[in-house]
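*Asks:* Dumping the structure here so I can ask a few things about it.
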Amino acid sequence: MTQTAAWAEHTARRLLAEPLPRRWAHTRQVAAAARTLAPVLGPDADLVTAAAWLHDIGYAPALAGTGFHPLDGARYLRDTEHAEGLLCRLVAHHSCAQVEADERGLGADLAREFAPAPGHLADALIYCDMTTGPDGQRLHVDQRLSEILARYGPDDVVNRAITRSAPLLAAAAARVTRQLNQARCAAPRRTRRPLVPAAAP
């Protein structure tokens, strides 16, 4: 593990492990998924792994400001940790956060403070988050979307945001799955491993 990813793991553990053990379990497996993307991310693998560790730190009680975890987490990384700008942007916009920010009336704040991350990096983080369940279990993206909708009632802002962003999330996960499959086919047979598909057949 590189220095950036190691720092990110330490930071996430400090903020999440004790107060939010279930969120920490999810985070650990999102980071594990990110490590599997090294064949398609190349030199960006460390950055995405760090973002995977940090994507949900905004849920930490000590960081809650707006109550919108992507923005709260990204602000903490920028203002307190003085983290790299692109890392802050990945956390701020992870899993189509702009859609939920708009629903919460925070869309202008998010867009003004943090530009969206490059598409291929955003896709990678979506894949990791949207194929990992709340307890760290591996899920198909459609199962993940369904369980989020089940946890939040139809009148909840999260439900509305996920309903709007679901096609974008599924498409991003599918793109990464195709890239992983192509990398697996191009690799020597001894290195091939089964992948979690982005959607159930």
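*Asks:* So, in segment 107-119, of the ones that are surrounded by fewer than 19 Cβ atoms within 10 Å (Cβ to Cβ) and of a type in the set (A, V, I, L, M), which residue ends up farthest from I162 (Cα to Cα)?
*Replies:* A115
*Asks:* How many residues, within segment 55-69, are closer than 15 Å to E113 by Cβ and part of a helix (DSSP H, G or I)?
*Replies:* Residues meeting the conditions: 2.
*Asks:* Same structure again: I'd like the full set of residues that are free of Cβ contacts under 8 Å to residues at least 24 places away in the same chain and outside any helix (DSSP H, G or I), limited to segment 2-42.
*Replies:* A17, E18
*Asks:* Give the number of residues within segment 143-152 that are over 13 Å from the mean Cα position of the chain (by Cα), over 18 Å from G67 (Cα atoms) and not polar (S, T, N, Q).
*Replies:* Looking only at that region, the number is 4.
*Asks:* A further question on this structure: Looking at (1) acidic (D, E); (2) farther than 21 Å from W24 by Cα; (3) surrounded by fewer than 22 Cβ atoms within 10 Å (Cβ to Cβ), which one does E81 not meet, given that it meets all the others?
*Replies:* Of the numbered conditions (1) acidic (D, E); (2) farther than 21 Å from W24 by Cα; (3) surrounded by fewer than 22 Cβ atoms within 10 Å (Cβ to Cβ), the odd one out for E81 is (2).
*Asks:* Do you know which residues across segment 16-27 are surrounded by fewer than 17 Cβ atoms within 10 Å (Cβ to Cβ) and aliphatic (A, V, I, L, M)? Quick ask: steps written out before the conclusion?
*Replies:* Our first condition is that a residue be surrounded by fewer than 17 Cβ atoms within 10 Å (Cβ to Cβ); within segment 16-27, this holds for 17-19, 21-22.
Passing the criteria: only A17.
*Asks:* Pick out the one residue from V99, V30, V91 that is buried (at least 17 other Cβ atoms within 10 Å of the Cβ), under 25 Å from R164 (Cα atoms) and in contact with a Cys (Cβ under 9 Å, 6 or more places away or on another chain).
*Replies:* Selected residue: V30, the only one of V99, V30, V91 that is buried (at least 17 other Cβ atoms within 10 Å of the Cβ), under 25 Å from R164 (Cα atoms) and in contact with a Cys (Cβ under 9 Å, 6 or more places away or on another chain).
*Asks:* Sticking with this structure for a sec: Of all residues in segment 146-176 being of a type in the set (D, E) and part of a loop (DSSP other than H, G, I, E, B), which is nearest to D123 (Cα to Cα)?
*Replies:* Step one: of segment 146-176, the residues of a type in the set (D, E) are 147, 155-156.
Then keep just the ones that are part of a loop (DSSP other than H, G, I, E, B); that gives 155-156.
On the way: D155: 28, D156: 25 Å.
Here the residue is D156.
*Asks:* Pick from segment 128-142 the residues that are assigned to a helix (DSSP H, G or I) and within 17 Å of Q179 (Cβ to Cβ): which of them is farthest from the chain's Cα centre (by Cα)?
*Replies:* The qualifying residue farthest from the chain's Cα centre (by Cα) is V141.
*Asks:* Kindly provide the set of residues from segment 143-160 that are in contact (Cβ under 8 Å) with a residue 24 or more places away in the chain and in contact with a helix residue (DSSP H, G or I) (Cβ under 7 Å, 6 or more places away or on another chain), ordered by number. Walk me through it before giving the result.
*Replies:* If we filter segment 143-160 for residues that are in contact (Cβ under 8 Å) with a residue 24 or more places away in the chain, which is where we start, we get 143, 145, 157-158, 160.
Scanning segment 143-160 gives L145, V157, V158, R160.
*Asks:* Report the residue count in segment 153-176 for those that are under 16 Å from the mean Cα position of the chain (by Cα) and of a type in the set (K, R).
*Replies:* 1
*Asks:* In this structure, does D72 turn out to be part of a helix (DSSP H, G or I), touching a Ser or Thr at 6+ places or on another chain (Cβ under 8 Å), surrounded by fewer than 22 Cβ atoms within 10 Å (Cβ to Cβ) and not β-branched (V, I, T)? Even if it seems obvious, please write down each step before you answer.
*Replies:* Details: part of a helix (DSSP H, G or I): yes; touching a Ser or Thr at 6+ places or on another chain (Cβ under 8 Å): yes; surrounded by fewer than 22 Cβ atoms within 10 Å (Cβ to Cβ): yes; not β-branched (V, I, T): yes.
In short, yes.
*Asks:* Right, something else. Only one residue in A51, A45 is surrounded by fewer than 21 Cβ atoms within 10 Å (Cβ to Cβ), among the small types (G, A, S), part of a helix (DSSP H, G or I) and modelled with pLDDT of 95 or more, so which one is that?
*Replies:* A45
For every residue, the table says whether it meets (1) of a type in the set (F, W, Y); (2) part of a loop (DSSP other than H, G, I, E, B); (3) closer than 27 Å to R22 by Cα; (4) in contact (Cβ under 8 Å) with a residue 40 or more places away in the chain.
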{"residue": "R78", "(1), (2), (3), (4)": "no, no, yes, no"}
{"residue": "L90", "(1), (2), (3), (4)": "no, no, yes, yes"}
{"residue": "S95", "(1), (2), (3), (4)": "no, yes, yes, yes"}
{"residue": "V99", "(1), (2), (3), (4)": "no, no, yes, yes"}
{"residue": "L110", "(1), (2), (3), (4)": "no, no, yes, yes"}
{"residue": "A115", "(1), (2), (3), (4)": "no, yes, no, no"}
{"residue": "A122", "(1), (2), (3), (4)": "no, no, yes, yes"}
{"residue": "I126", "(1), (2), (3), (4)": "no, no, yes, yes"}
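The values are calculated or read from the model by the stated rules, or taken from the named source; none is laboratory data. Just so we're clear, the structure is a prediction, and the values are computed from it rather than from any experiment. Don't worry about glycine lacking a Cβ; one is built from the backbone with ideal geometry, like all the others, and counts go over all protein chains shown.
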